Amino acid sequence: MNRSLGLLVFAVFLLASCSSARKTLRSEYTVVSYNVENLFDTLDDPKIPDEEFLPESEKKWNSERYRKKLEDLARVIAEINPDELPEIVGLVEVENRGVIEDLIETGKLKGQGYAIVHEESPDYRGIDVALIYRKDAFTEISHEVLPVIFPDDPQFKTRDILHVVGKVRNQKVHLFVNHWPSRIGGDQKTEPKRVLAASVLRKKADQIQAAEPKSKIIIMGDMNDEPANKSLLETLGAGSPDSGARLVNLMMPDDAQGSGTYFYSGNWNMLDNLVVSGEMITGKRVRVENQKGCIYSNDWMIYTNKNGDKTPNRSYVGNKYVGGVSDHFPVYLKMIVR
């Protein structure tokens, strides 16, 4: 090998080593949970009831509207941390893997090395949950789904809970993406279904914490319940950040101040929650910055109604297309890793 070639090889090796070091030394991670409101493609899937989101439907869902929604969603995700794209994003209300592939190839997300974790759920509407993550920041070890089955109503099908295990730097993290049964039919009447979903999640969290007392757990998603509701506070056991509980709901402070992620009948609802293990509040290796989660919104994502209320600007009102992004605001946390 001549001297010039040797210097070139050494330079390439040095550059690769520096890149690896930058990855290893990353100390701040943005973790996002976002209900993207019916992210359906325009193709008919005979296995699910997706007729509502086809070009010939009353909604007239077409390629132009689909592309705009992808661009808007990618813009929201990129804006949450303008200095560094979010490393981990939980997605709620996606039709299939294909729409997620389209999303990570849109706008500022394109070419940024996002990987996908997704499994088809038995949900009666054909929607799923998923996780995307940047491969330069998070390494997947394994994933599984936790089925939510109702013994007293076996015909009712809902979303599985997605459990992803991975590493940030050299720290093991458990991620759970949820979309619990809706409140359609009344809060009290449907509450038992969300309580059961919470019990499935609680059982798994207990198993993890028994085996790994200092486990790092992040639970995210649209629970269709608020922090003080039975499913989250009692069944899951998610207390306030200063409670010393084994699981902590980072959205409790904002909820106590009347903030929310979803606006219904003149009221804000904190349906999108971020729950972490107590270790991420008191631990030294991995912790949540400021011990709280945050709601993200921007003026262009907001609709002002006739009463002056500023709400998430959704894609449709009934079958009328209004061109908004989603009927939910995303929530996020900053994770500090040492």
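Here are a few things to note about the model shown:
- Taking the numbered list (1) more than 14 Å from the chain's Cα centre (by Cα); (2) touching a residue at least 24 places away in the same chain (Cβ under 8 Å); (3) under 23 Å from Val195 (Cα atoms) in turn, Ile104 passes all entries but (3).
- Candidate set: the range 140-178, residues that are touching a Pro at 6+ places or on another chain (Cβ under 6 Å) and more than 16 Å from Met220 (Cα to Cα); chosen: the one surrounded by the most Cβ atoms within 10 Å (Cβ to Cβ): Thr158
- Taking first residues from the range 18-47 that are more than 18 Å from Phe329 (Cα to Cα) and in a loop (DSSP other than H, G, I, E, B) and partners that are at pLDDT below 95 and among the charged types (D, E, K, R), the Cβ contacts under 9 Å between residues at least 6 apart in sequence or on separate chains come to Leu25/Arg169; Arg26/Arg169; Ser27/Arg169; Ser27/Arg338.
- For the range 295-311, filtered to residues that are of a type in the set (A, V, I, L, M, F, W, C) and buried (at least 17 other Cβ atoms within 10 Å of the Cβ), the residue that is nearest to Ile218 (Cα to Cα) is Ile295.
- Check on Gly239, within 30 Å of Ser63 (Cα to Cα), of a type outside the set (Phe, Trp, Tyr) and surrounded by 14 or more Cβ atoms within 10 Å (Cβ to Cβ): no
- The range 319-338, residues that are under 24 Å from the mean Cα position of the chain (by Cα), modelled with pLDDT of 95 or more and charged (D, E, K, R): Asp327, Lys334
- Residue in the range 266-318 that is farthest from Ala74 (Cα to Cα), counting only those that are over 21 Å from the mean Cα position of the chain (by Cα) and assigned to a strand (DSSP E or B): Asn267
- Qualifying residue in the range 120-130 (condition: among the aliphatic types (A, V, I, L, M) and outside any strand (DSSP E or B)): yes
The values are calculated or read from the model by the stated rules, or taken from the named source; none is laboratory data. Note that the coordinates shown come from a computational prediction; the quantities given were computed from them, not determined experimentally. Using ideal geometry, Cβ is built from the backbone for each residue, glycine included, and neighbour counts are taken over all protein chains shown.
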